[in-house]
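Working notes, beginning with the structure itself.
The values are calculated or read from the model by the stated rules, or taken from the named source; none is laboratory data. Quick caveat: nothing in here was measured; it's all calculated off a predicted structure. Neighbour counts are summed over all protein chains in view; Cβ atoms, including those assigned to glycine, are modelled from backbone coordinates with ideal geometry.
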Amino acid sequence: MSFSNLGLSEPLLKAIKDQGYNTPTPIQLQAIPTVIEGKDVLAAAQTGTGKTAGFTLPLLERLTQTHPKMQKKQIRVLVLTPTRELAAQVAESIKTYGKYMQYSSTVIFGGVGVNPQLATLRKGVDIVIATPGRLLDIASQKGIDFSALECLVLDEADRMLDMGFIHDIKKLMKLMPKKRQTLLFSATFSNDIKKLASGLLISPVLIEVARQNTTAEQISQVVHYVDKSRKRELLSQLIKTNDWRQVLVFTRTKHGANKLTKQLIDYGITAAAIHGNKSQGARTKALASFKANEIRVLVATDIAARGIDIDQLPHVVNYELPNVPEDYVHRIGRTGRAGMSGEAVSLVCVDEHKLLFDIEKFIKAEIKKVHLEAFTPDPSIQAEPIQNGRGGGQKRGAGNNSRNRSRNSRSRNDKNKNDSTKSEKTQTNRSKKPENRAAAQIGSKIQEKLNKLEKRDNDNYNKRNK
Ligand code: AMP
């Protein structure tokens, strides 16, 4: 089967050819004709299956079929995504596939000024790709008019629910016309997703291209058991001895991401961190440098890494296992994309044995354990409770305004998140006091010292291993 049999017109086929795609992926085979027909779709698609092209190609095709005159603030297609990164990624795909077509599109997300976004929307736009929070802000300012909306896409809907966006989505839905096409993509079909889908979709075509809750088979997965205090050393060694050039490393917390990045840099490995506390500019820059192979390691938290799409990303490292087994699947899905092979390495300390057990249960497979003599864990070390960050674990929903905080705290079934949100607030209040500011300064001096000591250890380690 080739793309030319799916009902796509010449400009799209030409763009696909430019991309070097020869055959449609299974999701594209099923979704493209169905979406062109105008039907609603409920698709369970793992990350890396080519799902973005699966909906963007037919949507672009449908846009060319009619040419209504756009009124001020009206839009024709809305793609909702959980994160800014994914929104940017979808926008990039639309640009790539629609390069021989006439249409307008824009990306709307928080963390950047709203006025340019309002100005763009004022003219009327064919395709809007947005995160729910900022879009709702704009809608409540009457900056967008959904009355001409033809199609709504919810991409990574499971993640949007995890991040507590359900209230924003419901409010947005009330503003949209009932008569429209709706496509819902989700990695998993939880009961919540089914409930959401039943309220949004009309007689949807069900598309399921991969088994649920499984990890892509072309990804080789290994676990290294290692003491927590030696993870950094093992990671550096793996990177250097295997000469890994592009590694995406996951930490559980933003603080952990910063710390590890600094340690890697001190050790002579180029690295950058990407997480919700970084400005949008810093995140974009880090990702661009990583994609361009200017830095070797991108250290990310789960939310920030959603939607990162790097062709042929060969290595993903779980420096710390995620608290939620689904996140493991999403993390390692960053490699082995579109048929390429990839490697996912997890560094597991004694505290994380239960998390590993849960992950293996979830993916219904045992992950291969590799024992490295030099890193045999110290059996006298006892398991300790997992720390989810100093005054704040990874805050789902990224961004640091109070709106996000209240949205996050509304979210269901994620106790850690609520806990971390609370402690983050307390931290902010505390740091306003002069004595705490002083403490923070002293803290950073201690940190500097620790970094120096660590560097000295690294140097000694290097000398020993020369
Ligand atoms: P996605 O699952 O949408 O994030 O896509 C994963 C990757 O697959 C992206 O890097 C796409 O560029 C690539 N891709 C999408 N469709 C195809 C195709 N038919 N053939 C080869 N690569 C593709």
Residue that is under 16 Å from the mean Cα position of the chain (by Cα) and among the basic types (Lys, Arg), where the choices are Arg122, Arg134, Arg159:
Arg159
Residues located in region 80-119, provided they are surrounded by fewer than 20 Cβ atoms within 10 Å (Cβ to Cβ), more than 16 Å from the ligand (Cβ to nearest atom) and outside any loop (DSSP other than H, G, I, E, B)
Thr106, Asn115, Pro116, Leu118, Ala119
Wholly within region 1-77, which helices (runs of 4 or more DSSP H) include no fewer than the required count, namely at least 2 residues that are crowded, with 21+ Cβ neighbours inside 10 Å and near the ligand (Cβ under 9 Å from one of its atoms)?
26-36, 51-65
Starting from region 171-200, keep only residues that are in contact (Cβ under 8 Å) with a residue 24 or more places away in the chain, then list their pairs with residues that are of a type in the set (S, T, N, Q) and surrounded by 16 or more Cβ atoms within 10 Å (Cβ to Cβ) whose Cβ atoms are within a distance under 6 Å, requiring at least 6 positions of separation or different chains.
Ala187/Gln46; Ile193/Ser186; Leu200/Thr182
Hits in region 228-257 (condition: under 24 Å from the mean Cα position of the chain (by Cα) and surrounded by fewer than 17 Cβ atoms within 10 Å (Cβ to Cβ))
Arg245
Scan region 262-283 and report the pairs whose first residue is free of Cβ contacts under 8 Å to residues at least 24 places away in the same chain and whose second residue is crowded, with 17+ Cβ neighbours inside 10 Å, with Cβ atoms within less than 6 Å and a gap of 6+ or a chain change.
Ile265/Ala271
Of the conditions (1) under 23 Å from Thr49 (Cβ atoms); (2) surrounded by fewer than 19 Cβ atoms within 10 Å (Cβ to Cβ); (3) of a type in the set (A, V, I, L, M), Met160 satisfies every one except a single condition; which number is it?
(2)
Close pairs (7 angstrom Cβ cut-off, 6 or more residues apart or separate chains): within 17 Å of Gly7 (Cα to Cα) and not assigned by TED's automatic domain parsing to the domain that holds Arg331 in region 34-48, basic (Lys, Arg) and surrounded by fewer than 24 Cβ atoms within 10 Å (Cβ to Cβ) anywhere:
Ile36/Arg62
